[in-house]
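The values are calculated or read from the model by the stated rules, or taken from the named source; none is laboratory data. Model, not experiment: these values are computed from the prediction. Reconstructed Cβ throughout: ideal geometry from the backbone, glycine too, with neighbour counts over all protein chains shown. In case anyone asks, the SASA skips ligands and DNA or RNA and just uses the protein heavy atoms, side chains included. Shrake-Rupley method; radii C 1.70, N 1.55, O 1.52, S 1.80 Å.
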Amino acid sequence: MKSFYLETFGCQMNVHDSEKVIGTLLERGYRQTEDAGEASLVLYNTCSIRDKAEQKVFNKLQQHKRHGKEQVIGVLGCVAQQEGEKIFERAPYVSLVVGSASYTKLPELLVQIEQGNRRVTGLSLDTDETFDTPLTRRDNPYRAFLTIIEGCDKNCAYCVVPFTRGPERSRAAQGVLDEVKQLAAAGYTEIMLLGQNVNSYLDPSPRGWNFARLLREVGQVEGIRRVRFTTSHPRDFTKEIIDAIDDVPALCNHVHLPVQSGSSKVLEAMQRQYTREQYLERIGWMKNARRKISITTDIIVGFPGETEADFQETVRLLDEVEYDGLFSFKYSQRPNTPALRFDDHVPEEEKGRRLLQLLEHQRTILVRNNAGYVGETEQVHTEHFNAATGQWVGKTTQHKTVNFTHPQGPEAAIEGRYLDVLVTRSGVASLAGEAIVM
Ligand code: SF4
């Protein structure tokens, strides 16, 4: 029997794409295996957001060179699209190279592989299709990913996404709503709407709903208790989105709004299309909302031309916004991106110093912020039991991780349930507490 092994690198979009690829393969009669050595088809769904991510893939591929087994090796996702047919030269034992914009063609590409073709590619970015399939095989039984828009029309100077995922194309609102209703009927209560830039969602059907309207409608589907979305772009982020969060209880009061830098000069060089002031205006909308909205962000340090003064503007932004979470990275050059032409590079050591300072500064803010939850009761969507700590783990609507005890311990069988938890302690990255059991 044909079997496949699929390993996924990178973001939630890739994880969800893999869920669809798995569904497509199972539908074609393949059996999934966790052992790459025994699979007849080995696939890597790849990420090229940073150089390190790309290297990981080629290191993995090297292993197959040594095996010399009769296996079909395939590279999917962003490195596939970025490197294309060059992968066949670099790794001659690879037979399939498919970018995410070509996943709708996967069944016919697999036919070519099954007929013995050993140089099969799907690399066109010229598409208005989104990868909608009823064959999605989701791992998590309680929380479902759902892509509403693919690709990106922005052109941030450091980013590979427009070259690896193609132009923006939104999924028809009716298709999104139908899938949410099916998920609710299947017992899902939490939905994560995905897109490189969900805010620029625009329903292609005559209905023409924008993101805020779609969000409201998804949040009112019966049975759905939590709706999250990522990733937002400050230029397309509207007050309407905050109003929707204020009005529709199922919409989670958490927004991930990547700023990338606190300096308008650096933001311009990054081609982010907003200034520090415009960004802070969006933050103001959140801070003045009726519900308490938690805010997280992404920041790149050491972008070409970033001076110490620019960097200190980023540090000051942390104090002004008081983020509930920060993902921060050192700038790394990426193929095809506009920033490749930029000079004035920041030395690696200096990038490292800035990253450390930023994370240290954010740490003090997190300690202070999280301490404010002690004594509060939070509703937690329970995910799993952590045997190592003897605690249950779940998330609040603000996307805070809560580790909590339950009188019945591991026997409580509360996966996927919503519980009230009294917060008794707080740390940097999470809260701790006790389940309130009547
Ligand atoms: S908005 Fe910018 S950073 Fe985000 S995916 Fe698009 S080009 Fe990349």
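Just report the Cα centroid separation between the range 410-438 and the range 1-77, whole Å.
Value for the Cα centre distance between the two parts: 36 Å.
The range 254-347: Rg/Rh from Cα coordinates, Kirkwood Rh? Provide the component values of the computation, followed by the final result.
Numbers: Rg = 13.9 Å, Rh = 14.0 Å.
Rounded to two decimals, Rg over Rh is 0.99.
Using a basic spin-label model with each label point 7 Å from the Cα along Cα→Cβ, how many nm lie between GLU281 and GLU348?
Placing both labels 7 Å beyond Cα along the Cβ direction yields 4.1 nm.
Restricted to Cα positions, what overall size does the chain have along the principal axes? Three whole-Å values, descending.
Principal extents (Cα only, largest first): 63, 57, 51 Å.
Along Cα→Cβ, 7 Å out, is where each label goes; now give me the distance between the ones at ALA413 and ARG368 in nm to one decimal.
Label-label distance for ALA413 and ARG368, simple model: 4.6 nm.
What is the set of long-range amide H partners of LEU431 at a cut-off below 5 Å, with H atoms built 1.01 Å from backbone N?
Answer set, sorted by chain and number: THR401, VAL402, ASN403.
How much net charge surrounds ALA429 when only other residues with a Cβ under 13 Å from its Cβ are counted (Lys, Arg +1; Asp, Glu -1)?
Values: positive: ARG363, LYS395, LYS400, ARG425; negative: ASP324.
Neighbourhood net charge equals +3.
As an exercise, identify the GluC sites (Glu not before Pro) in the range 75-139 lying in DSSP coil whose Cβ has no more than 16 other Cβ atoms within 10 Å.
On the way: sites: GLU83, GLU85, GLU89, GLU108, GLU114, GLU129; in loops: GLU85, GLU129.
Within the range 75-139, the qualifying GluC sites (Glu not before Pro) (loop, at most 16 other Cβ atoms within 10 Å) are GLU85, GLU129.
Tell me, what HN-Hα J-couplings in whole Hz come from the Karplus equation 6.51 cos²θ - 1.76 cosθ + 1.60 at θ = phi - 60° for each residue of the range 414-420, using x for Gly and Pro?
Rounded to whole hertz, the list is 10, 4, x, 8, 9, 10, 7.
How would the range 3-122 be classified by its alpha-carbon gyration tensor: rounded, prolate or oblate, with rounded meaning a/c under 1.5 and the a/b versus b/c comparison settling the rest? Let's see the in-between values first.
Details: a/c = 1.28, a/b = 1.10, b/c = 1.17.
Since a/c stays below 1.5, the shape of the range 3-122 is classed as rounded.
Note down the relative contact order for the chain as a percent, whole number, built from C-alpha pairs under 8 angstrom at least six residues apart.
10 percent.
For ASP35 and LEU125, compute 0.36 nm times the residue count separating them, minus their Cα-Cα distance, and round to one decimal in nm.
Values: separation 90, 0.36 × 90 = 32.40 nm, distance 3.21 nm.
Length gained, ASP35 through LEU125: 29.2 nm.
Rounded to the nearest 500, what is the 222 nm mean residue ellipticity of the chain from helices alone, with -39500 (n - 2.57) per DSSP H run of 4+ residues and division by all residues?
Details: 13 runs with 145 residues, N = 438.
It lands at -10000 deg cm²/dmol.
Take the chain, connect every pair of alpha-carbon atoms lying under 10 Å apart with a spring to form a Gaussian network, then pick out the residue of GLN260, GLN312, GLN62 with the largest mean-square fluctuation.
In the Gaussian network model the winner is GLN62.
List every residue whose amide H lies under 5 Å from the amide H of MET192, counting only residues 5 or more places away in sequence or on a different chain, with H placed 1.01 Å from N in the peptide plane.
The answer is ALA144, PHE145, LEU146, ARG228.
Can you give me the % of accessible surface on the chain that is carbon or sulfur? Probe 1.4 Å, all protein chains present, nothing else counted. It would help to have the intermediate numbers written out before the result.
Working: 9270 of 18650 Å².
That share works out to 50 percent.
Once both labels are modelled 7 Å past Cα along the beta-carbon direction, what's the ARG316-GLU360 spacing in nm?
Each label point is offset 7 Å from its Cα along the Cβ direction, giving 2.0 nm.
Rounded to the nearest 5, what % of the DSSP beta bridges within the chain are antiparallel ones?
Values: 22 of 68 bridges.
Rounded to the nearest five, the antiparallel share is 30 percent.
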